[in-house]
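As structure tokens, the structure follows; a few thoughts come after it.
The values are calculated or read from the model by the stated rules, or taken from the named source; none is laboratory data. Please read all numbers here as calculations on a predicted model, not as lab measurements. Counting neighbours? That spans all protein chains shown, and the Cβs are built from the backbone with ideal geometry, glycine included. Protein only, heavy atoms only, side chains kept; ligands, DNA and RNA dropped before computing areas. Shrake-Rupley method; radii C 1.70, N 1.55, O 1.52, S 1.80 Å.
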Amino acid sequence: MRHFDYVRETEPSAAALAASADGARFIAGGTNLLDLMKLQVETPETLVDISRLPLKDIEPQDDGGLRIGALVANSDLAAHPAVRRDYPVLSRALLAGASGQLRNKATTGGNLLQRTRCGYFYETSAACNKRQPGSGCDAMQGFNRIMAILGTSDHCIAAHPSDMAVAMRALDAEVETLDAQGGTRRIPLQAFHRQPGDTPHIETTLEPGELITGVILPPPPAGRHAYRKVRDRASYAFALVSVAAIVAVEDGRIACARLAFGGIGTVPWRSRAVEEALAGERPERAVFVKAADILLRDAVGHGDNDFKIDLARRTLVAVLEDTTGGTPA
């Protein structure tokens, strides 16, 4: 491991200022960053420890929503009574991720910023545009079973790894931040993560030193919540395909559907076109299959991950049948 400086801050403004310097990185739980540093994928010159900042509260909002501090541990968030009662899709997604030990350390803000588990990104001798811009992408012609099929580019096909972010995407969450100059903003989660395009190394819309201070959830949406994760093992494995669903049925028709997907996109994926295709329709298999076709019309496999296209289709249909009580037609 390379030498680096370490500073500990206890105020958010001081932390943002310290992390705005070249080569500085925030560290809280460190469940992803420390692994990357050991492999020298990440080589920060300074670590700014934010684990003692006062950002560990979960607070109700005046509009009926919820504010989640950036340093709330994943396990605490999943177990919080308000989350389990009003946002069960989020609790289920969190419990589907990693292991109990990692959930005890991983934070809300860190989960949003975790980096891909693409093996070529982790292997410093491989070509990876995300790790070293302009070097190429060995995953294109390599072992790409876990890679994305939506939102890819000629420069990167790495899938986003988060379960939590998929559920938050379905919930229309906003990310609250503080910059080095003391400015604050709220970033809709749909605008927070960037698709790779020709700059896959730029993964979010955060500026240098911009600190995530919390996540805002709007009032809980009506409907039945579900989170289904298809993976190689029953635990401690990343999604091949996951679906976060909140579906409301009224008078025998789908009144509203919120659907977000993991394992298949370069970012936590959501398609408004799919949701619009379901609205007002009777919950029947033919309708669900049509929605899946819309989701996957631009999907591109790269050999080993071709199976994800059919797997995503079958998973979405199954989740819609469960959440609507729909029967084959």
Any hit, region 172-185, residues being under 14 Å from ARG258 (Cβ atoms) and buried (at least 24 other Cβ atoms within 10 Å of the Cβ): yes
Tally, over region 241-269, of residues that are assigned to a loop (DSSP other than H, G, I, E, B) and open to solvent by 10 Å² or more (accessible area, probe 1.4 Å): 4
Pairs where the first residue, in region 258-276, is touching a residue at least 24 places away in the same chain (Cβ under 8 Å) and the second is of a type in the set (Ser, Thr, Tyr), C-beta under 6 Å, 6+ apart: GLY262/SER242; GLY263/SER242; THR266/THR152
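Can we say SER75 is out of contact with any strand residue (DSSP E or B) (no Cβ under 6 Å at 6 or more places or on another chain) and either closer than 30 Å to ALA222 by Cβ or open to solvent by less than 30 Å² (accessible area, probe 1.4 Å) (or both)? Outline the logic, then answer.
Working: out of contact with any strand residue (DSSP E or B) (no Cβ under 6 Å at 6 or more places or on another chain): yes; either closer than 30 Å to ALA222 by Cβ or open to solvent by less than 30 Å² (accessible area, probe 1.4 Å) (or both): yes.
Considered against the rule, which asks whether it is out of contact with any strand residue (DSSP E or B) (no Cβ under 6 Å at 6 or more places or on another chain) and either closer than 30 Å to ALA222 by Cβ or open to solvent by less than 30 Å² (accessible area, probe 1.4 Å) (or both), SER75 comes out as yes.
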Condition check for ALA165: of a type in the set (Gly, Ala, Ser), farther than 21 Å from ALA70 by Cβ, open to solvent by less than 10 Å² (accessible area, probe 1.4 Å) and not in a loop (DSSP other than H, G, I, E, B): no
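Taking region 210-229, which residues are closer than 16 Å to MET164 by Cβ and of a type in the set (Val, Ile, Thr)?
ILE212, VAL215, ILE216
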Residue ID - most open to solvent (accessible area, probe 1.4 Å), chosen from residues in region 110-150 that are among the small types (Gly, Ala, Ser), more than 16 Å from ALA165 (Cα to Cα) and assigned to a helix (DSSP H, G or I): GLY119
Matching residues, region 270-329, being of a type in the set (Val, Ile, Thr) and either exposed (fewer than 13 other Cβ atoms within 10 Å of the Cβ) or part of a loop (DSSP other than H, G, I, E, B) (or both): VAL300, THR327
When residues of region 195-240 are limited to those that are under 29 Å from ARG145 (Cα atoms) and in a strand (DSSP E or B), the one most open to solvent (accessible area, probe 1.4 Å): ARG228
Residue within region 72-87 that is touching a Lys or Arg at 6+ places or on another chain (Cβ under 6 Å) and farther than 30 Å from GLY119 by Cβ present: yes
Any pair with Cβ under 6 angstrom, 6 or more apart, that starts in region 221-243 at a residue that is over 22 Å from THR324 (Cβ atoms) and ends at one that is of a type in the set (S, T, N, Q) and open to solvent by 20 Å² or more (accessible area, probe 1.4 Å): TYR236/SER99
Region 1-26 - residue that is among the charged types (D, E, K, R) and either in contact (Cβ under 8 Å) with a residue 24 or more places away in the chain or not in a strand (DSSP E or B) (or both) and, of those, least open to solvent (accessible area, probe 1.4 Å): GLU9
